[in-house]
Amino acid sequence: MPVTRITLGEHYTDTQLEAISTILHQSLTETFAVPLNDCFQIVERLPRCQRIFDLHYQSGKRSDNFVLFQITAGKPRTAEQKKNFYRTLSQRLFAALGIHGDDVMVIIQFNTADDWSFSQGEMYSPEAL
């Protein structure tokens, strides 16, 4: 049950955003044990002056194509699952859209089921399903 905030430049088109969204969701379902219908994403297209990032920190060289994925997930994943997800997402973004791996940054935070309410003001309880 992840929710992802995708922050990127305002120069990305609606078609590119749709492709990024699809690639993200496919990568999550295939490598991160996310159900197919579990898709929650928030996209922020911002001008360069509102995206402040170092061009070289822990990377070769970032460009204006920099995309940040902030993922909040309800259950922990193994280091192997995370590695596979990072690699798959980065490779697919490059293959489909030419977004270089240096321009892809992912942050994952985990929490517990009782940190979620999907609707009706009810705390999520997987046992109740």
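Annotations for the structure displayed:
- Residue under evaluation Ser59, criteria (1) touching a residue at least 24 places away in the same chain (Cβ under 8 Å); (2) of a type in the set (Gly, Ala, Ser); (3) closer than 26 Å to Thr112 by Cα, criterion not met: (3)
- Residue check for Thr88: of a type in the set (Val, Ile, Thr) and touching a strand residue (DSSP E or B) at 6+ places or on another chain (Cβ under 6 Å): no
- Candidates Ile71, Ile20, Ile52 - the one that is in contact (Cβ under 8 Å) with a residue 60 or more places away in the chain and not in a strand (DSSP E or B): Ile20
- Positions within the range 16-49 being surrounded by fewer than 16 Cβ atoms within 10 Å (Cβ to Cβ) and among the hydroxyl-bearing types (Ser, Thr, Tyr), in sequence order: Ser21, Thr22, Thr29
- Any hit, the range 94-103, residues being closer than 21 Å to Asp54 by Cβ, among the charged types (D, E, K, R) and without any contact (Cβ under 8 Å) to a residue 60 or more places away in the chain: yes
- Condition check for Pro47: under 13 Å from Met1 (Cβ atoms) and either out of contact with any Asp or Glu (no Cβ under 9 Å at 6 or more places or on another chain) or modelled with pLDDT of 95 or more (or both): no
- Flag for Phe118 being more than 14 Å from the chain's Cα centre (by Cα), closer than 20 Å to Gln16 by Cβ and among the aromatic types (Phe, Trp, Tyr): no
- Residue match in the range 89-104 (condition: surrounded by fewer than 11 Cβ atoms within 10 Å (Cβ to Cβ) and part of a loop (DSSP other than H, G, I, E, B)): yes
- Of residues in the range 104-129 being of a type in the set (A, V, I, L, M) and modelled with pLDDT under 95, the one nearest to Ile52 (Cα to Cα): Ala113
Condition check ((1) outside any loop (DSSP other than H, G, I, E, B); (2) polar (S, T, N, Q)) across all residues:
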site	(1), (2)
Thr7	yes, yes
Glu30	yes, no
Leu36	no, no
Glu44	yes, no
Gln58	no, yes
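The values are calculated or read from the model by the stated rules, or taken from the named source; none is laboratory data. Worth saying up front: this structure is predicted, and the values here are computed from it rather than measured. Methodologically, a virtual Cβ is constructed for each residue, glycine included, from the backbone with ideal geometry; neighbour enumeration extends over all protein chains shown.
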